[in-house]
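First the structure, in the form of structure tokens, and then the observations on it.
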Amino acid sequence: MQVDCSQVLSYLDGCRDEMLRLWETIVRLETPSTNPEAVNRLASHLDTFCGALGMDTAFFRPQGAGTCLSARTRTGTGSPVLLLGHMDTVHPVGSFPGGPWRLEGGSVYGPGAHDCKGGLVIALYVIRALQHAGYDRRQLRLALVSDEETAHTLSQGQTVDFLRREAQGCGAAFTFESGLPDGSVVTRRKGGGIVQLQVRGIASHAGTAPDQGASAVLEAARKIVAIQALSDPAHTTFNCGIIHGGTSANVVPDRCEVSVALRFHTNRDRDEALSALQSICGRVETPGTQCTLSPLAGFPAMEETDRTAALFALYRDTSTALGLGTPESVYSAGCSDSAYTTALGIPTLCALGVRGQGQHSPDEHAFADSLLPQAKRLAAAILALPDDF
């Protein structure tokens, strides 16, 4: 069915107050990643909303994390469109200054208000507006994960598998991460993660038998120097940020653990970095010690696909035509789940949520007047997708 864009935009105009109320409701439902029960409550609330739109919904319940929610409209003639977000936040329940919701000076303050619950409202109301106008050309898929803020470590990657399943076959993806203050769109992101370096040695009395020991701390120190020397801001940076080792100043330490954070521009950079770490790990400079390296826990890099530029141009041009500004395409050092969709070859635009600042801090806030324009931009872009996209 051919849908008139002005009808969709007019419908969204009439929903502004409802959108603000839903935003408040889901921000007040505080959902730290480490509280699965809290995330479950939000998933159930949003499931009810999607069910009222006639969408087919399903829960995915991973071990160790909260429930993920998927919702789909009817199958269309074109490739499905994926709308992607996360329900969890970094803020413990009750920790946000001034309470979980505050509207002041045109900004909304609260845990997840910017990252990324305002974006969830945008996704839901864009679906609702398109459904109201009779849009049926493409299936709209909503995928909401539950432990994005922990890089999916709580579920041991099960939520990434859920995301990949929902993304299969999609022609485009839109991610509702925190919108940038100027409305720019993220098309590339750094990847990042943490590996654990574990060194084992031989304990011995440091005073009477030092020659019978093998210091894991000494070996770790040598490896730390070698690892830090690998940093190259143009490709990959390394940071040995946490060190634990030894039991007493009088004992030659038989263990030492080092947490190493990596940030990389491309997934090729990541692979080369891990190979270099393995090489350092395999070199023994302190006799009697040995080293192991854990798998990388984190996000791959979000890389542009063959059609990313075309998708961004479509989004930019529709925004300009609506008089909502001409966004720029930018590169971000932060990680997001968009990396998983681009790895599948799906062109993806990220940071399409409400605009704001201060995510992951007590000053997290979003601009209330960005809620409706961001929704209009997305709705118009979906309607403008050509049949062969």
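The values are calculated or read from the model by the stated rules, or taken from the named source; none is laboratory data. Everything numeric here is computed off the predicted structure, so don't read it as measured data. FYI the Cβ positions are ideal-geometry reconstructions off the backbone, even for glycines, and counts take in every protein chain you see. What goes into the accessible areas is simple: the full protein's heavy atoms, side chains included, and nothing from ligands, DNA or RNA. Shrake-Rupley method; radii C 1.70, N 1.55, O 1.52, S 1.80 Å.
The residue of segment 123-138 that is farthest from Gly353 (Cα to Cα), among those that are open to solvent by less than 10 Å² (accessible area, probe 1.4 Å) and touching a Gly at 6+ places or on another chain (Cβ under 7 Å), is Arg138.
For every residue, the table says whether it meets (1) out of contact with any Ser or Thr (no Cβ under 8 Å at 6 or more places or on another chain); (2) under 25 Å from Leu82 (Cβ atoms); (3) not basic (Lys, Arg).
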position: Ala249; (1), (2), (3): yes, no, yes
position: Cys281; (1), (2), (3): no, no, yes
position: Ala297; (1), (2), (3): no, yes, yes
position: Glu304; (1), (2), (3): no, yes, yes
position: Ala321; (1), (2), (3): yes, yes, yes
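Among the residues making up segment 235-272, a single one is acidic (Asp, Glu) and more than 19 Å from Ala297 (Cα to Cα): Asp254. Of all the residues in segment 357-389, those that are more than 20 Å from Glu18 (Cβ to Cβ) and polar (S, T, N, Q) number 3.
If you go through segment 190-204 and keep only what is farther than 15 Å from Gln278 by Cβ and open to solvent by 40 Å² or more (accessible area, probe 1.4 Å), you end up with Ile194, Arg200, Ile202, Ala203. Filtering segment 139-189 down to residues that are open to solvent by 10 Å² or more (accessible area, probe 1.4 Å), more than 13 Å from the chain's Cα centre (by Cα) and among the polar types (S, T, N, Q), which residue is nearest to Leu46 (Cα to Cα)? Result: Gln139.
The rows are residues; the columns are (1) closer than 30 Å to Gly78 by Cβ; (2) free of Cβ contacts under 8 Å to residues at least 60 places away in the same chain.
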residue: Val3; (1), (2): yes, no
residue: Gln7; (1), (2): yes, no
residue: Ser10; (1), (2): yes, yes
residue: Leu20; (1), (2): no, no
residue: Glu24; (1), (2): no, no
residue: Arg28; (1), (2): no, no
residue: Pro32; (1), (2): no, no
residue: Ala38; (1), (2): no, yes
residue: Ala43; (1), (2): yes, no
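Restricting attention to segment 26-36, the residues being part of a helix (DSSP H, G or I) and surrounded by 15 or more Cβ atoms within 10 Å (Cβ to Cβ) number 3.
Taking the conditions exactly as written (open to solvent by 50 Å² or more (accessible area, probe 1.4 Å), at pLDDT below 95, within 23 Å of Ile127 (Cβ to Cβ) and not in a strand (DSSP E or B)), does Asp387 satisfy them or not? Spelling it out, Asp387 is indeed open to solvent by 50 Å² or more (accessible area, probe 1.4 Å), at pLDDT below 95, within 23 Å of Ile127 (Cβ to Cβ) and not in a strand (DSSP E or B). Of all residues in segment 211-227, those satisfying the criterion of being open to solvent by less than 10 Å² (accessible area, probe 1.4 Å) and not hydrophobic (A, V, I, L, M, F, W, C) are Glu219, Lys223. Restricting Pro92, Pro62, Pro80 to those that are open to solvent by less than 70 Å² (accessible area, probe 1.4 Å) and over 18 Å from Thr159 (Cα atoms) reduces the list to Pro80.
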